[in-house]
Structure formats: C-alpha cells, structure tokens
Ligand SMILES: CC(C)(COP(=O)(O)OP(=O)(O)OC[C@H]1O[C@@H](n2cnc3c(N)ncnc32)[C@H](O)[C@@H]1OP(=O)(O)O)[C@@H](O)C(=O)NCCC(=O)NCCS
C-alpha cells in the first residue's frame, strides 16, 4: 500500500500522475491558489452553475478564492482519474456536507476529500476507501490552550503539559489536524466529543489514531499520515485500512513524496 504526496501544477505530467491512481494507493495533492483575479475568473468557468452561485455568495474574497480554486482543482484531479471533462462532474452531499461523486453511471469507487487554509489547498484521492484531509495555519490561534482543553482527553493534555513550551504549539496542531482528518473521512465533521477520539500528538511520534468512542478495535481500522507542508502549516490525511484477508499493517505503507524536481520514498 502506498501513500503519495504531490505538488500540483497544471501540466500533462501531473494529470498523468492523478490518472494513474492505483487501487492500493492514497494520493494527496497540495497546491497554492493563484493571487491573480483573472486567473481565478478563468478557473470559475470550470465550476458547475450551483458552485458558481455559491462562489458569488461569499462576501469576503479569501474564502471565495479558496472555494473556487479548491473546486476547480478537485474537478481537474477527478476528471483526470475518470478520464472525463472536469466540468461534467456532479457532486452529491452527505448529510453533514461531505461532497461525493454523484454519477453512479461512471461506475467508480473513487473517494476524495478537500481542505483549504490560507492559499493552500490539499486534496486526497483513493479508490474504494474513505479519506479525510485537514490543513491548518499554525498561526491561526493565539490562545491555543483554550482549544487544547476543548479537544483533548485528559491523557492527551498530560502529554501536552509534559512537553517543553517550544513544542506545545506543534503538538496541539498535530492533534487537531489528525482528529479533524479522521472526522472528515467519516463525514461526521465537527463533533462535541473530540476528547473521545484520541491520537498521538507529540512531535516526532508516529501519527496514529489510538482510541475512538467505539473502542480500540475501531481505531485500528484507520491510518493517519502527516502531510509535508511549508513550516507555517500543519496537515494530516486519514484513510481506511483494508481489513480481513490481506489486511494492511501500517508498517507496510510506503510513503512517497514527489515534487517537480525530486521524489523520495520512506517506509
Ligand atoms: C467542514 C468541516 C468538516 C471542516 O471545516 P474546516 O476545517 O473549516 O474546512 P476545511 O477547509 O478543512 O474543509 C472544508 C471542505 O471539506 C469538505 N466538507 C464539508 N463538509 C464535510 C464533512 N462533513 N466531512 C468531510 N468533508 C467535508 C468540503 O469539500 C469543504 O470544502 P468546499 O466546500 O470548499 O468543497 C466542519 O466540520 C467544520 O466546520 N469544522 C470546524 C473546524 C473546527 O473548529 N475544528 C475544531 C478542532 S478539531
């Protein structure tokens, strides 16, 4: 099983990489939204009518830019995977708002999720397994202790307090993005019971879902990876592991980082 991280650029090479998404692969695409309004207007043409109407309802330009760029990129990636024109794709929505591919006629088990923060967008893609992705700017909050007390269990808070002050902010954002990536994979989104979802958060520790309200066994069915990002951002992707015959152990996951100039693999 492989998880691969890619920087997006609009080129045949990147379209081919998305089109080659394997059945035992999770791809995460990271892109930076353009600042140029003309470029954004051109991207908006790739959106559906309801998406363009939603874009027009944003009163503030930053969330509008995030939405338009995120949806245009999503359509390009899904279009490449399915070999269809991006503009022809239609989305349905789970009750808590998670978008999915609506066309059963495409006969595809392709799953995806999207997150944006500042000018960055991340999109996760996989066949036949749920995925969730979350990005956050680590300068978004000054009083992150308040957030920590709301989202962490007493065990997680103990671990956080035991860390040197210089590591605590990173640990909070590790925990936050890992929990939210899991909640986005399940489509549940934000819940009041975040402390009942326990994750590793100490910097340098392997990202892992440790406990869910449904128990330890339920947590073992999910894997989490951090997303390689610029220093001001934290991000994580969560995905379902294959269970039963051919069950996947996390030790078997190959992690591949590609950029336009290089690629590295770790296990
Ligand atoms: C949507 C939500 C799941 C995450 O929102 P967010 O962190 O503000 O936004 P992100 O950029 O990460 O994700 C938004 C995208 O996720 C997708 N999405 C929307 N609802 C979703 C859901 N229930 N599950 C998974 N994905 C969802 C959409 O694609 C959306 O982007 P789009 O509308 O532009 O296509 C929602 O639960 C929420 O509002 N969370 C608040 C975050 C928070 O306070 N977290 C506390 C610490 S854990």
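The values are calculated or read from the model by the stated rules, or taken from the named source; none is laboratory data. Keep in mind that what you see is a predicted model, and the values were worked out from it rather than measured. Note: ideal-geometry Cβ built from the backbone for every residue, glycine included; neighbour counts use all protein chains shown.
Observations, loosely collected:
- For the stretch 175-208, a residue qualifies if it is surrounded by 16 or more Cβ atoms within 10 Å (Cβ to Cβ) and near the ligand (Cβ under 7 Å from one of its atoms), and the qualifying residues are 176, 179, 180, 183, 184, 187, 188, 194.
- Residue list for the stretch 212-226, filter: farther than 23 Å from residue 97 by Cα and either modelled with pLDDT of 95 or more or within 13 Å of the ligand (Cβ to nearest atom) (or both): 225, 226
- Hits in the stretch 79-104 (condition: within 12 Å of the ligand (Cβ to nearest atom) and surrounded by 12 or more Cβ atoms within 10 Å (Cβ to Cβ)): 91, 94, 96, 98, 99, 100
- Where residue 126 falls short, out of the listed (1) more than 8 Å from the ligand (Cβ to nearest atom); (2) under 17 Å from residue 228 (Cβ atoms): (2)
- Residue 71 being in contact with a strand residue (DSSP E or B) (Cβ under 9 Å, 6 or more places away or on another chain), under 15 Å from residue 125 (Cα atoms) and part of a helix (DSSP H, G or I): yes
- Candidate set from the stretch 51-63 (those that are within 11 Å of the ligand (Cβ to nearest atom) and either buried (at least 20 other Cβ atoms within 10 Å of the Cβ) or more than 19 Å from the chain's Cα centre (by Cα) (or both)); member that is modelled with the lowest pLDDT: 58
- Residue in the stretch 166-174 that is in contact (Cβ under 8 Å) with a residue 60 or more places away in the chain, over 12 Å from residue 209 (Cβ atoms), surrounded by 19 or more Cβ atoms within 10 Å (Cβ to Cβ) and within 15 Å of the ligand (Cβ to nearest atom) present: yes
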